[in-house]
Amino acid sequence: MFRKKKFLGMGLATILMCSTLSGSLAYAESKSSTYDASFFENLKQRAIVHELQEHKIAVNPKASIAELLNTADRTSLKSENNNSDLKQNLEKLNKSEYIYLTLDGEVYSSEKGYVGMADKVEPKEDSVTDATYMETNLPNESYNNHNKTINSKNNPTPSQVNGGTTGAFSRIQLNFDGFDGVNGRVQVPFVYNLGAEEQPWMYFGFDSPRGKVIEGGFGYQTGRKVWQGYIRNGKFAYSLGTWPSGQTVRNVKFYIDKNTYDSYLSMENSEVVVMQTPFNSSDLSSMSLKRVISIAKDNFNGNNIYGQSDGAFMDLVVSKTNSDYYYP
C-alpha cells in the first residue's frame, strides 16, 4: 500500500520555548450515542488492515477481523522478530479501547459509549499552506528525493516566522506531496528551567493546502511534570496516557485513512484514538507532514522564553497516498 521514504532519520533538538495543554475532558451530560459497536468494529478493522499492509501483507481491505487475523497467522514473514512484533501489535489492536473524536468535539468510546466533550483549544502556531510555504535562496536539504525547504531567513524575528510569536520551535516540514502517515520512536524531552506560562510540546502534524491542520503527539504538563499524549483536529483535543521526561515511546503511529479520511493515533498500541478530520480526497493527495519540538508562549518576542527542552524523533518512516511503499 505504501512506499517508504526517509523522513529526517533521527532528530535531536535543544530549544528554548511555552502555552498549556488542555488535557482533561469536560465531561458533559450523558446522551444517547449514535456510535454503536459496529462503528467501533469498523475502526478496529481499519487499524488491523493498516498494520498488515505496513508489514507488506496483501489483504482484502473489506475482510472481517477474524479473516484478517487468520491471514496474519498463515503468512510467514521474513524474520521471526518481525512475525513476533506483528503478532503482538495485532493482539493489542484487537483488544484496545478505541476512542473517537468528532469535528464537533464529541468523544465516544468503544467501551463506555458517549464520554463527553473534548477541550476546546487555541492553535499553537499558524498553519502552513501552499501560499505560505515558500522557498528562499537558502540551500535545500534533500532526504531521499524529498526536499525539506528552509523557508525563513537567517536569524529572523518572531514576526517573520510563520507562527513565530506563539513561542520558539524547531519545525521541519515536508512538501505538499501527498504524505498520509508517519511512525517511529519518540524520546519525550527532558525539560529544564521553565519560565512563567511556558510549556513544551512535541508532535507530528498534517497540513493541507487549504490550511486545514491536525496534529498528534505530546504536551508537557507543568504541574505534574509529565508528558501527556494528545490528538487534536484544530478546535478540539483529546488526551492519552502519560510518560516521564526522557522516556522513549516506541511504536508511535499517526496516519490518515485514505478511505474515510479519519486520522489514527496510537502509542505502543495501548489505546487507539481515531479523529474525524476536515480533509477530503484533494487534501490527501497534496498533504504536507511536519514534526515539531517547541516551547509555546503567548507574545513571544525572541527573548522572553527561559526554558529548555531536549527530545528526539528516531527511526521515522513516512508513507504517501497512492504509493506502494514506506519511506524509511
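The values are calculated or read from the model by the stated rules, or taken from the named source; none is laboratory data. Quick caveat: nothing in here was measured; it's all calculated off a predicted structure. A quick note on method: Cβ atoms are made from the backbone with ideal geometry, for glycine too, and the neighbour counts reach across all protein chains shown. The protein model used for the area step is the full one, side chains on, heavy atoms only, and it has no ligands, DNA or RNA in it. Shrake-Rupley method; radii C 1.70, N 1.55, O 1.52, S 1.80 Å.
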Search segment 54-88 for residues being at pLDDT 90 or above and closer than 20 Å to S263 by Cα, and hand back the single one that is nearest to the chain's Cα centre (by Cα).
P61
Members of segment 274-290 that are open to solvent by 10 Å² or more (accessible area, probe 1.4 Å) and either under 12 Å from I231 (Cα atoms) or of a type in the set (D, E) (or both)
Q276, T277
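Residues are listed down the side, and each one gets a yes or a no for (1) among the hydroxyl-bearing types (S, T, Y); (2) at pLDDT 90 or above:
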{"position": "S245", "(1), (2)": "yes, yes"}
{"position": "I256", "(1), (2)": "no, yes"}
{"position": "L265", "(1), (2)": "no, yes"}
{"position": "P278", "(1), (2)": "no, yes"}
{"position": "I293", "(1), (2)": "no, yes"}
{"position": "N301", "(1), (2)": "no, no"}
{"position": "L316", "(1), (2)": "no, yes"}
{"position": "Y327", "(1), (2)": "yes, no"}
Would you point out which residue out of S239, S323 is small (G, A, S), surrounded by fewer than 22 Cβ atoms within 10 Å (Cβ to Cβ) and within 14 Å of the chain's Cα centre (by Cα)?
S239
Looking at (1) modelled with pLDDT under 60; (2) open to solvent by 50 Å² or more (accessible area, probe 1.4 Å); (3) under 25 Å from V272 (Cα atoms), can you tell me which one K124 breaks?
(2)
Counted residues, segment 274-285 - those being assigned to a loop (DSSP other than H, G, I, E, B) and over 30 Å from S309 (Cα atoms):
4
Among the residues of segment 187-204, which ones are in contact with a Ser or Thr (Cβ under 7 Å, 6 or more places away or on another chain) and buried (at least 24 other Cβ atoms within 10 Å of the Cβ)?
V188, P189, P200, W201
Surrounded by fewer than 17 Cβ atoms within 10 Å (Cβ to Cβ), over 30 Å from E54 (Cβ atoms) and at pLDDT below 95: which single residue out of N154, N140, N147 fits that description?
N154
Taking S239 as the residue in question, decide whether it is in contact with a Lys or Arg (Cβ under 8 Å, 6 or more places away or on another chain), in a strand (DSSP E or B) and farther than 16 Å from L174 by Cβ.
no
Test: D315 is part of a loop (DSSP other than H, G, I, E, B) and open to solvent by 60 Å² or more (accessible area, probe 1.4 Å):
no
Residue selected from segment 246-273 under the condition open to solvent by less than 40 Å² (accessible area, probe 1.4 Å) and part of a loop (DSSP other than H, G, I, E, B), by the criterion nearest to K225 (Cα to Cα):
G246
